[in-house]
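Structure, as structure tokens:
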Amino acid sequence: AINHTTAVVHDGFDVSRVRDELEGGGITLASLVPTMLARLRDAGLRRTPGLRAIALGGGPIPAGLLEWAADTGIPVVSVYGMTETCSQVVAGSPGRVLRGAELRIAHDGEILMRGEMVARNEVAADGWLRTGDSGRLDPDGLLHVEGRLKDLIVTGGENVAPLEVEHVLMAHPAVADAGVAGLPDPEWGEVVTAFVVLREPVAADELLAWSRERLEGFKAPKTVHVVDSLPRNSGGKLRRDRL
């Protein structure tokens with residue numbers, strides 16, 4: 001039990017079992033990644049009596065998924081955190097740091113964290129945890145997470161965060177899922193390449209035009225590949241190295 005509550009732990013993600021638990025009224029808080037919530041939506045989740053919030057993180061959240069949750073009355077809070085910080089340390093997207101945690105942005109854009117919730121053996125000599133994620137703080141002190149530093153695409157000397165491109169692609173009504181990676185190119189070093197799962201037919205040229213209208217030119221994908229599914233780990237996180 002945590003904070004005088006009962007923890008319900010499953011040995012894997014069984015969408016029917018989780019849906020039944022949420023609809024049964026006994027769950028007040030749940031922690032999910034976007035892929036899990038999308039599967040619950042597709043499995044017919046419609047009512048969650050007793051649920052105070054779903055903490056949703058671990059990957060890009062399609063705007064359509066949040067709209068569905070709002071229309072259905074399912075409370076969702078976007079969160080940011082990791083195993084080394086005992087899960088969530090930022091709530092909202094963009095988000096505010098939770099009480100007890102400290103955050104700053106390093107000169108290279110990396111998000112640094114410290115606080116009582118950070119695993120002691122993971123911090124550097126200066127007391128800060130290097131998260132490996134890139135981000136920025138806006139004038140209101142809200143954190144904008146831009147993705148993993150190691151996933152950064154360098155094309156023609158410009159840096160592109162795949163997460164930003166994925167958000168744009170998943171805002172298209174025909175796109176159910178999207179993954180973006182930099183593929184080697186002799187002229188540009190890397191080229192922005194998109195892989196999409198469709199919920200309805202759409203031409204690749206339309207998705208390219210959609211992206212160019214919403215992104216700076218160097219950030220827009222040069223090619224789009226339609227695939228049946230994206231490689232993800234057991235927790236639903238995208239395996240970008242397998243695209």
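General observations
- As a summary of the residue check, ASP108 satisfies the conditions (1) over 17 Å from the mean Cα position of the chain (by Cα); (2) within 24 Å of VAL168 (Cα to Cα); (3) of a type in the set (D, E, K, R) except for the one numbered (2).
- Conditions (1) at negative phi; (2) within 19 Å of the chain's Cα centre (by Cα); (3) among the small types (Gly, Ala, Ser); number of the one not met by ALA203: (2)
- You will find that of VAL90, VAL79, VAL118, the residue that is β-branched (Val, Ile, Thr) and touching a helix residue (DSSP H, G or I) at 6+ places or on another chain (Cβ under 8 Å) is VAL118 and no other.
- Matching option when the condition is surrounded by 12 or more Cβ atoms within 10 Å (Cβ to Cβ), touching a residue at least 12 places away in the same chain (Cβ under 8 Å) and more than 26 Å from ARG239 (Cβ to Cβ), among LEU142, LEU149: LEU142
- Any hit, segment 13-22, residues being of a type in the set (Phe, Trp, Tyr) and under 22 Å from ASN233 (Cα atoms): yes
- You will find that of VAL154, VAL145, VAL191, the residue that is under 18 Å from PRO62 (Cα atoms) and either out of contact with any Ser or Thr (no Cβ under 6 Å at 6 or more places or on another chain) or not assigned by TED's automatic domain parsing to the domain that holds ARG114 (or both) is VAL145 and no other.
- Top-ranked residue of segment 27-42 - restricted to ones that are among the hydrophobic types (A, V, I, L, M, F, W, C) and not in a strand (DSSP E or B), ranked as nearest to VAL79 (Cα to Cα): VAL33
Okay, residues lined up against (1) touching a Gly at 6+ places or on another chain (Cβ under 8 Å); (2) modelled with pLDDT of 95 or more:
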position	(1), (2)
PRO94	no, no
VAL118	no, no
GLY135	yes, no
THR155	yes, yes
PRO173	yes, no
ASP185	no, no
TRP188	yes, no
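- Qualifying residue in segment 171-185 (condition: among the β-branched types (Val, Ile, Thr), more than 18 Å from the chain's Cα centre (by Cα) and part of a strand (DSSP E or B)): no
- Residues of segment 1-38 that turn out to be of a type in the set (D, E, K, R) and either surrounded by fewer than 16 Cβ atoms within 10 Å (Cβ to Cβ) or in contact (Cβ under 8 Å) with a residue 40 or more places away in the chain (or both), as a count: 4
- Matching option when the condition is among the charged types (D, E, K, R), assigned to a loop (DSSP other than H, G, I, E, B) and farther than 26 Å from VAL33 by Cα, among GLU206, GLU200, GLU190, GLU216: GLU216
- Condition check for HIS225: within 27 Å of THR83 (Cβ to Cβ) and outside any loop (DSSP other than H, G, I, E, B): no
- The residue that is farthest from THR83 (Cα to Cα), among those in segment 39-65 that are buried (at least 20 other Cβ atoms within 10 Å of the Cβ) and touching a residue at least 40 places away in the same chain (Cβ under 8 Å), is PRO62.
- Members of segment 89-122 that are among the β-branched types (Val, Ile, Thr) and buried (at least 17 other Cβ atoms within 10 Å of the Cβ): VAL89, VAL90, VAL97, ILE111, VAL118
Every residue, every condition in (1) touching a helix residue (DSSP H, G or I) at 6+ places or on another chain (Cβ under 9 Å); (2) among the acidic types (Asp, Glu), yes or no:
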| residue | (1), (2) |
| --- | --- |
| PRO186 | no, no |
| VAL191 | no, no |
| GLU206 | no, yes |
| THR223 | yes, no |
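- Residue that is at pLDDT below 95 and over 20 Å from GLU166 (Cα atoms), where the choices are GLY64, GLY58, GLY25: GLY25
The values are calculated or read from the model by the stated rules, or taken from the named source; none is laboratory data. What you see is a predicted model; the values in this text were computed from it and never measured. Note: ideal-geometry Cβ built from the backbone for every residue, glycine included; neighbour counts use all protein chains shown.
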